[in-house]
Amino acid sequence: MFRDLLSEAYNAMRHNRRRTTLTMLGMAWGIATVVMLLAYGDGFGRACSAIFANFGTKLMILVPDRTSMQAGGQKAGAPVRFTLEDVDALTTNLPQITHITPEVSKQANVQFDTRTFSFEVTGNYANVKSVRALKLAEGRFYYMQDQEQHARVAVIGSDVKDKLFSGRSALGEFIRLDGLSFQVIGVLTAKMQEGDDDINRVIYVPFTTMSDLADTHYLNSIWFNYETTEYEKLEQAARGVLAVPHKFSANDRRAVRVFNLMQQVHQFEIITLGLKILLGFIGTLTLGIGGVGLMNIMLVSVTQRTREIGVEKALGAQRGHILLQFLAEALTITFMGGALGVVLAYGVSLSVGRLTLYSALAKHAEGGDIRLIIAPGTLLVATVILTAVGLISGMVPAVRASRLDPIEALRYE
């Protein structure tokens, strides 16, 4: 029976080739639009993820400030200063922390040969590579042994290499930081850099060695990444741990400023979801226009084949048989047009390539641009939408055909 239905649908479509082709193109255009819009939404989500991954997603930065509330016998406005004891306290009391590092930084005069520039030099533990999602272009990062041995080694950013060495290899060379000699052991891959951000103009040295350049007793900040989805509770817990030794209220958000990237990640996830829903809705409306065209053509087909329907019913065809006959024809046009639309969408996505997004604002930000990659999930959603539109568009003419009175149908001219 199924084969007979397809055969009848094919014969009806072949009899009206031009009309069938135009209807099929309308459905193809609609489904191609749905697929491309959904792919754009997915690409936007992937671009946002790449931007945040550039800095590390589950990352928290604690920066000391001044109290804004009276607590622990101290007046508001008292300065908060971090030490290594705070790093140990956080590590002991917060098991969610995976890597943690203190940071002390300063602007230093950096010299190589006859070239001198002012760059930021920062002292961290060796695990800062994981904390700040740093990637090496060449060489290696400093190890814990380097820190224990107070080694004067440095890992430089990509812009530092370009300005100091002008295309030469930097590995093994010695640079002078405020007059002290450091050996370059690694060069970092360029990170996304927006505006005046100097993220690629940073020189990393072991925390113990930083004491040769600056006072490391008080820390500029504490960085750590973590393994938990409850980042807001972790932030509050971190304040609570630091509030006790520094005698400030755990509710005093000014005493310790917390930069939590997961808050921004969560906000962009909501924006991305809303964008996907909106684009899917727009695509569905576009496909619905093709569905209206299909419904119109099928209604015309029912009118033209009224006598044929009357003959089939006179020969014993049931209402369900007539309904399935026209519904099969509508779905055949729908899915053939859908297959053509998917091919069209793939062709467009491959030809378009990369769409500018974050690279318009930042350097080295090609990873933050949108790429129209059609995922299997996108095809599944598009197929569901296509099936729904095809069923709705084909059901109305099919029901009308199945309800025709055979006597009136045979008398139709």
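The values are calculated or read from the model by the stated rules, or taken from the named source; none is laboratory data. All values derive from a computational prediction rather than experimental measurement. All Cβ positions, even for glycine, are placed from backbone atoms using ideal geometry, and neighbour counts span all protein chains on display. Surface areas here come from the heavy atoms of the whole protein model, side chains and all, with no ligands, DNA or RNA. Shrake-Rupley method; radii C 1.70, N 1.55, O 1.52, S 1.80 Å.
Worth a mention:
- Percentage relative contact order, the chain, counting C-alpha pairs under 8 Å, at least six apart: 29
- Computed over the range 105-217, relative contact order equals 36 percent, with contacts defined as Cα pairs under 8 Å that lie 6+ residues apart.
- Here the Kirkwood formula, the inverse mean of 1/r across different C-alpha pairs, assigns the chain a hydrodynamic radius of 26.6 Å.
- Subtracting the Cα-Cα distance of Tyr218 and Val244 from 0.36 nm times their residue separation leaves 7.6 nm of extension gain.
- Solvent-accessible area per residue for the chain (1.4 angstrom probe, square angstrom): 50
- Val396-Asp197 FRET efficiency (beta carbon distance; Förster radius 60 Å; 0.05 resolution): 0.55
- Restricting attention to the chain, lysine pairs at least eight places apart or on different chains and with alpha-carbon atoms under 22 angstrom apart total 22.
- Solvent-free Debye calculation, one equal scatterer per alpha-carbon of the range 41-130: log10 I(q)/I(0) at 0.16, 0.17 Å⁻¹ equals -0.96, -1.00.
- Share of carbon and sulfur in the accessible heavy-atom surface of the chain [1.4 Å probe, %]: 58
- Given charges at beta-carbon only (K, R positive; D, E negative), |dipole| of the range 164-266 in Debye: 160
- Helix runs (DSSP H) in the chain reaching 27 Å along axis by Cα, Kyte-Doolittle at least 0.0: 17-53, 261-304, 319-352, 376-402
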